[in-house]
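Below: the structure, in structure tokens.
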Amino acid sequence: MVDATLINEVREMYETGVVAEKPENAFKVFELIKQFIATNKESKEELEDMDLIIAQFDVVDEDFKYWLKLGEGIFDYGKGVVDEATFSMIANQETLGGLLSGEIDGTSAYMSGDLKIEGNLQDAIAYGEFLGMVMELFRKMVEE
């Protein structure tokens, strides 16, 4: 079951634009996604079918690092550095927060040099596509 308080908190973060302000806000979004995946058959099956992706995020202007693992039925996240990341995203908080809020397009940020990706670019694209799909399914569920 998805925690109703968390749903409302994340919804408010998106509506007010606060989601992009602090790197720690990604954890609330990730927790919401984790809970949603556990209750949504389509996203759970998609996650099980994916190869494991390990993403490292480096928020350079905040000296903050966090990671995300998704694929092979796993969706997990945490603060710090993870071993064996398949790709890393390196940017300032404005860019990474904008990606999380949906206000910034990942391809545009990468092409302009605002977002640096090291490692497997295909995994970075798959990460973005999966999160986009889950957020769209979640939005539909919330609107119903």
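The values are calculated or read from the model by the stated rules, or taken from the named source; none is laboratory data. Note that the structure is a prediction, hence the values are computed from the model and not measured. Here the Cβ positions follow ideal geometry from the backbone for every residue, glycine too, while neighbour counts run over all protein chains shown.
Brief remarks follow.
- Top-ranked residue in the stretch 62-92 [being crowded, with 18+ Cβ neighbours inside 10 Å and of a type in the set (Gly, Ala, Ser); ranked as nearest to Gly17 (Cα to Cα)]: Ala91
- Tyr14 more than 14 Å from Tyr127 (Cβ to Cβ) and in contact (Cβ under 8 Å) with a residue 24 or more places away in the chain: yes
- The one condition in (1) out of contact with any helix residue (DSSP H, G or I) (no Cβ under 6 Å at 6 or more places or on another chain); (2) more than 20 Å from Glu129 (Cα to Cα); (3) buried (at least 20 other Cβ atoms within 10 Å of the Cβ); (4) β-branched (Val, Ile, Thr) that Ile54 fails to fulfil: (2)
- Candidate set: the stretch 33-49, residues that are free of Cβ contacts under 8 Å to residues at least 40 places away in the same chain and within 16 Å of Ala4 (Cβ to Cβ); chosen: the one surrounded by the fewest Cβ atoms within 10 Å (Cβ to Cβ): Thr39
- Given (1) farther than 17 Å from Lys79 by Cα; (2) of a type in the set (D, E, K, R); (3) outside any helix (DSSP H, G or I), number of the condition Lys22 does not satisfy: (1)
- Restricting the stretch 98-121 to residues that are modelled with pLDDT under 95 and assigned to a loop (DSSP other than H, G, I, E, B), the residue that is surrounded by the most Cβ atoms within 10 Å (Cβ to Cβ) is Ile104.
- Tallying residues that are without any contact (Cβ under 8 Å) to a residue 40 or more places away in the chain and of a type outside the set (Asp, Glu) within the stretch 57-70 yields 6.
- The one condition in (1) over 18 Å from Gly132 (Cβ atoms); (2) in a helix (DSSP H, G or I); (3) modelled with pLDDT under 95 that Phe27 fails to fulfil: (3)
- Single unsatisfied condition, Tyr14 versus (1) exposed (fewer than 13 other Cβ atoms within 10 Å of the Cβ); (2) among the hydroxyl-bearing types (Ser, Thr, Tyr); (3) modelled with pLDDT under 95: (1)
- Hey, Thr95 surrounded by fewer than 12 Cβ atoms within 10 Å (Cβ to Cβ), under 23 Å from Val18 (Cα atoms) and polar (S, T, N, Q) or not: no
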